[in-house]
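Single-structure report; data block below.
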Amino acid sequence: MVEEGGPAPDFRLESDEGETVSLGDFEGRPLVLYFYPKDDTPGCTTQACGIRDAWGELQATGAAILGVSADDVESHRKFREKHSLPFPLLSDPDRELIDAFGFWKEKSYMGKTYMGIERSTVIVGADGNVKKVLRNVKPAEHVDLLLESI
């Protein structure tokens, strides 16, 4: 599990645009990686649209923003198009980056236990080190937390 102050794990993941994206692509610039459970579900849509709606404020921070889930590229493409999201979504079907941050967790819903992605956000500083980890983020509060933390 990665901790604040330590180096962010390198990654190479495919985006909804079909491009391979890596940590090195953002060298010298802050990077927000927000991890979410599933495309086009109510909480994830609220979270993504919150970022979209605050895009101008977030861009003013100079940080790049990427959404990450285990959904495939086609699912990401549809989700991004449907909600006019101005930022790329990365597909991590093997959960390499999700696991590196320790966000694959046991969860429960309506009395059933299952494994899933903990809704969390990581802010990587321009130096490549983890500046902040926000765990168990509430979708409606996500943007405010981001703006405070970047």
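Is one or more of the residues making up region 71-87 under 22 Å from Lys131 (Cβ atoms) and either within 13 Å of the chain's Cα centre (by Cα) or not basic (Lys, Arg) (or both)? Yes, the conditions are met somewhere in region 71-87.
Among the residues in region 103-112, are any under 22 Å from Val137 (Cα atoms) and within 14 Å of the chain's Cα centre (by Cα)? Walk me through it before giving the result.
Filtering region 103-112 down to residues under 22 Å from Val137 (Cα atoms) leaves 103-112.
Keeping just the survivors that are within 14 Å of the chain's Cα centre (by Cα) gives 103-104.
Yes - at least one qualifying residue is present in region 103-112.
Being surrounded by 11 or more Cβ atoms within 10 Å (Cβ to Cβ) and assigned to a strand (DSSP E or B) is a property that Val2 lacks. Candidates in region 24-44 are the residues that are buried (at least 18 other Cβ atoms within 10 Å of the Cβ) and out of contact with any Ser or Thr (no Cβ under 8 Å at 6 or more places or on another chain); of these, the one that is nearest to Lys131 (Cα to Cα) is Leu31.
Would you mind stating whether Asp16 is buried (at least 17 other Cβ atoms within 10 Å of the Cβ) and either modelled with pLDDT under 95 or farther than 21 Å from Asp144 by Cβ (or both)? Break it down stepwise before answering.
Values: buried (at least 17 other Cβ atoms within 10 Å of the Cβ): yes; either modelled with pLDDT under 95 or farther than 21 Å from Asp144 by Cβ (or both): yes.
When the stated conditions are applied, Asp16 passes them.
The values are calculated or read from the model by the stated rules, or taken from the named source; none is laboratory data. This structure is a prediction, so every number in the text was calculated from the model and none was measured. Heads up, the Cβs are rebuilt from the backbone with ideal geometry, glycines too, and the neighbour counts pull from every protein chain shown.
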